[in-house]
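Structure record follows, encoded as structure tokens.
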Amino acid sequence: MRKDELTRFIIDMFNRYYNYNIQEFKARDSGKEFWGMSTVIGDTKSYVVFLDENNLNNLDMEFIHDEDAHNIVITRVLMVDSTKSDSRWYLAAEGFEGNLIVVDEKKKKVVYSSLYSENLSAQIEHVLEYKRILDSGNRKRKSSKITIVLIAINVIMYGIIAFLSGNILDSDIRVLLYLGANESSLVSAGEYYRLFVSMFLHGGLLHLVLNMYALNVLGPAVEKAYGKIKYIIIYTLGGLVASISSYLFSNGVSIGASGAIFALLGAVLVFALKSKRRDKRMILKEILSVVGINIFIGISLPNIDNFAHIGGLIGGSHISFLLFKRK
């Protein structure tokens with residue numbers, strides 16, 4: 001992490017959500033400036049300044065004027081790196097008089113808080129927890145090999161479709177049927193393989209790109225929550241339930257990964273309902289809004305297989321419910 005990156009993140013979050021203003025502070029013995037912020041609550045003006053262990057007592061206090069009508073509270077936030085720092089900051093904290101909070105930049109955690117800084121400390125810890133979640137999600141998303149393999153299979157299949165169709169933008173319906181599209185009369189005639197193969201066929205380049213984008217977003221989240229094997233089970237069985245739903249209730253040709261993707265959406269929904277995450281309500285709200293928007297689009301536009309989407313969502317939810325194990 002670049003120096004001051006975490007400090008800037010904390011200040012930005014406080015500026016957005018806690019009504020703090022960004023402020024700069026100066027050192028007493030040089031022209032050095034420190035990051036900080038301030039806010040006014042009633043008759044009290046609170047200043048928060050971010051320092052390192054070499055500058056804990058080097059804050060220039062001249063910015064406070066006697067004619068200021070507010071009561072003044074100054075909280076120093078000491079930013080330390082546990083992999084590089086020795087015990088100096090412990091000694092500094094022990095002998096420091098005033099409001100002090102110590103943040104471990106490496107672990108992104110509050111490791112010390114003075115008696116009268118608990119409320120601000122809790123707010124900073126909440127922001128740091130959010131940062132840890134963001135970093136964890138980004139790392140996991142980059143390493144989801146199963147998602148990469150699934151995307152690769154879909155892209156390879158589309159390359160074959162585009163070659164046989166002679167068109168990279170739109171797929172020929174005859175080519176789709178030849179390769180295994182889900183069509184009711186053909187499935188009824190015993191070609192049950194179409195229920196599986198159709199999950200990897202797409203009707204156009206835009207259709208492919210939109211589905212692969214959704215898969216890249218949802219796939220790593222499901223893998224992180226359930227594990228690799230269960231992720232494959234949810235995707236495959238959920239996609240099959242979507243194909244069966246389309247076969248039973250739809251007319252025409254059905255193709256695409258969207259049924260399996262809705263199964264992943266159902267898996268995330270189950271995880272949010274059964275886990276003990278603090279941001280459960282936010283996750284549920286986002287998932288339900290995505291489901292609602294997609295169903296609305298499916299009703300409004302032609303050639304959208306809503307039965308496959310609903311079947312995938314229900315199938316994925318039920319399968320995930322059976323596979324879920326609280327960690």
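The values are calculated or read from the model by the stated rules, or taken from the named source; none is laboratory data. Note that the structure is a prediction, hence the values are computed from the model and not measured. FYI the Cβ positions are ideal-geometry reconstructions off the backbone, even for glycines, and counts take in every protein chain you see. In case anyone asks, the SASA skips ligands and DNA or RNA and just uses the protein heavy atoms, side chains included. Shrake-Rupley method; radii C 1.70, N 1.55, O 1.52, S 1.80 Å.
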Would you check if residue 24 is part of a strand (DSSP E or B), among the acidic types (Asp, Glu) and over 17 Å from residue 103 (Cβ atoms)? yes
Considering only segment 1-31, how many residues are touching a residue at least 24 places away in the same chain (Cβ under 8 Å) and either charged (D, E, K, R) or touching a strand residue (DSSP E or B) at 6+ places or on another chain (Cβ under 9 Å) (or both)? 15
Across segment 246-264, what is the number of residues that are surrounded by fewer than 24 Cβ atoms within 10 Å (Cβ to Cβ), out of contact with any Asp or Glu (no Cβ under 9 Å at 6 or more places or on another chain) and modelled with pLDDT of 90 or more? 2
Check 134, 150 and return the single one that is in a helix (DSSP H, G or I), open to solvent by less than 70 Å² (accessible area, probe 1.4 Å), within 27 Å of residue 228 (Cα to Cα) and modelled with pLDDT of 95 or more. 150
Residue 182: touching a residue at least 24 places away in the same chain (Cβ under 8 Å), touching a Lys or Arg at 6+ places or on another chain (Cβ under 9 Å) and of a type in the set (S, T, N, Q), yes or no? yes
Residue hits (segment 199-223; closer than 23 Å to residue 318 by Cα and either surrounded by fewer than 18 Cβ atoms within 10 Å (Cβ to Cβ) or among the aliphatic types (A, V, I, L, M) (or both)) are 199, 214, 215, 216, 217, 218, 221, 222
Output the residue which, of all residues in segment 3-56 that are in contact with a helix residue (DSSP H, G or I) (Cβ under 9 Å, 6 or more places away or on another chain) and of a type in the set (A, V, I, L, M), is most open to solvent (accessible area, probe 1.4 Å). 22
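Could you list, in sequence order, all residues of segment 159-192 that are closer than 17 Å to residue 256 by Cα, assigned to a loop (DSSP other than H, G, I, E, B) and either open to solvent by 30 Å² or more (accessible area, probe 1.4 Å) or hydroxyl-bearing (Ser, Thr, Tyr) (or both)? Reasoning before the result, please.
If we filter segment 159-192 for residues that are closer than 17 Å to residue 256 by Cα, which is where we start, we get 159-162, 165, 168-184, 187, 192.
If we keep only those that are assigned to a loop (DSSP other than H, G, I, E, B) too, we end up with 168-169, 171-172, 180-181, 192.
168, 169, 171, 172, 192 - these are the residues of segment 159-192 that are closer than 17 Å to residue 256 by Cα, assigned to a loop (DSSP other than H, G, I, E, B) and either open to solvent by 30 Å² or more (accessible area, probe 1.4 Å) or hydroxyl-bearing (Ser, Thr, Tyr) (or both).
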Within segment 40-97, restricting attention to residues that are among the basic types (Lys, Arg) and within 33 Å of the chain's Cα centre (by Cα), which residue is modelled with the highest pLDDT? 76
